[in-house]
Amino acid sequence: MSSKNFFLKKELPISKLFPKENFTKTQRIKNIKPLDKAQNGDLTFYDLKKYQNLANKTKASFCITTKNLSLDLPKKIKIILVNNVLIELARITKLIYPLADIDYPDLSLKPISKLKLQAVKFGNNVLIGKNVKIGKNSIIGSNTIIEQNVKIGNACIIGSGVIIKNSLIENKVVIQDNCKIGQKGFGFIPMDKQNIKFPHIGKVIIKSNVEIASGCTIDRGSIDDTVIGENTYLDNQVHVAHNVQIGDNCMIAGQVGFAGSSKLGNNVSIGGQAGISGHLKIGNNVKIGGGSGVIKDIESNEIVMGYPAVPLKEFLKNKKDKNGNR
């Protein structure tokens, strides 16, 4: 299910992508993948030292990186040295996936009256794109748009005013009214005269028995995928940025915001209006208090609270100290 690609991909020789490198005209890139998912023939990238362990083990054939980081990569990999990894990655991704930096309107949308979908119930004014697949006993609410190539499993309930694109949704998923799923994330590189848009070629994967409450927004992945694990519940107005991966059995309260590329383990609970910074790793069975600001990794079984978030005992002690109770 997770291998599906939603974007037009151009087959270009790697010598055209990197003309200053010594590549033959017959060498091609199979795809662009993160360090841990790249395989033989794939291009990957390495821009942060915190991913050193993944860099050591990557199976990619080519890697964009800097001179200082290049020593962490396997000897067999072809290293492409650049000054700015993300700018170079954006340039290459745009050449290979020319339509992934803007969410173009889906002109294949049609009213459900012109489609033949058995054992699916629809509200009024539903629009469905080309090659959409919806499983048996699913219900789609009024004024909902499901764009091309989206796959929805069996016994799903999709509310009214929902827009779904670039997504694979498994069985028994509930998505309540006015959610927006699979749109391009907040990805750009700020420059003096013009910001460089970063194409988003990933997708959203929602596992079985997930419930997503009203007004949530879930961005598709940039290079990786955005994933919501089985039996996870999102309350109203939760925002999940690109590449975020949330584990199984997690409970996320209202107005929580996730920055890009953070990963949560299983059985994580987060109170309302908490914020999770980008590129963090949060372990299993973690509890994060409402209104907290998480700016560093959290080990499994921790309970944290505050801004910045600290272990609960430390938070309570600091609060007593501030009140003069020593």
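Where a number appears in this text, it was derived from the coordinates with a stated rule and is not lab data. Keep in mind it's a predicted model, so treat the numbers as computed, not measured. No Cβ is skipped: glycine too gets one built from the backbone with ideal geometry, and neighbour counts run over all protein chains shown.
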Exercise. So, counting K/R as plus one and D/E as minus one, what does the shell of residues with Cβ under 15 Å around Lys197 add up to?
Worked result: +1
For this session: Only one of the values (i) 69, 39, 32; (ii) 73, 56, 42; (iii) 69, 62, 38 was calculated from this structure for Cα extents along the principal axes in Å; name its label.
Result: (iii)
Exercise. Among the DSSP beta bridges whose two residues both lie in segment 177-326, what percent are antiparallel, rounded to the nearest 5?
Worked result: 10 percent
Problem set entry | Loop sites in segment 1-81: trypsin sites (Lys or Arg not before Pro), DSSP, at most 12 other Cβ within 10 Å | Lys10, Lys20, Lys25, Lys67, Lys75, Lys76
For this session: Report, in debye and to the nearest 20, how large the dipole of the chain comes out about its Cα centre when Lys and Arg carry +1 and Asp and Glu carry -1 on their Cβ.
Result: 840 debye
Exercise. How big is the antiparallel share of DSSP beta bridges in the chain, given as a percent to the nearest 5?
Worked result: 10 percent
For this session: Could you check what % of the DSSP bridge pairs in segment 80-188 are antiparallel, to the nearest 5?
Result: 10 percent
Exercise. Dipole of segment 14-96, Cα-centred, from +1 at each Lys and Arg C-beta and -1 at each Asp and Glu C-beta, to the nearest 20 debye?
Worked result: 200 debye
For this session: Identify the chymotrypsin sites (Phe, Trp or Tyr not before Pro) of segment 181-286 meeting these criteria: DSSP loop state and at most 14 other C-beta atoms within 10 Å of the C-beta.
Result: Phe186
Problem set entry | Average Cα contact separation per residue, the chain, under 8 Å, 6 or more apart, as relative contact order % | 8 percent
Problem set entry | Positive dipole terminus of the chain, leading residue within Thr217, Ile80, Ile32 (C-beta point charges) | Ile80
Problem set entry | DSSP-assigned coil residues among chymotrypsin sites (Phe, Trp or Tyr not before Pro) in segment 36-70, each with at most 12 further Cβ atoms within 10 Å | none
Problem set entry | For segment 49-64 and segment 247-298, distance of Cα centres in Å | 26 Å
Problem set entry | Potential extension, Leu12-Arg28 segment - 0.36 nm per residue separation minus Cα distance | 5.1 nm
Problem set entry | Charge dipole (debye, nearest 20) of segment 166-317; +1 at Cβ of Lys and Arg, -1 at Cβ of Asp and Glu | 280 debye
Seminar exercise, completed: Residues other than Asn68 with Cβ under 13 Å of its Cβ, Lys/Arg counted +1 and Asp/Glu -1, net out at 0
For this session: Which order do the peptides 120-129, 162-171 take when ranked by the mean count of other beta-carbon atoms within 10 Å per residue, highest first?
Result: 162-171, 120-129
For this session: Count charges around Asp235 for me, please; just the other residues with Cβ under 15 Å from its Cβ, Lys/Arg as +1, Asp/Glu as -1.
Result: -2
Seminar exercise, completed: Under the rule rounded for a/c under 1.5, else prolate if a/b exceeds b/c, else oblate, using alpha carbon gyration tensor axes a ≥ b ≥ c, segment 1-140 is classed as prolate
For this session: Work out how much length Leu95 to Lys197 would gain on full extension: take 0.36 nm times their residue separation and subtract the Cα-Cα distance, in nm to one decimal.
Result: 35.5 nm
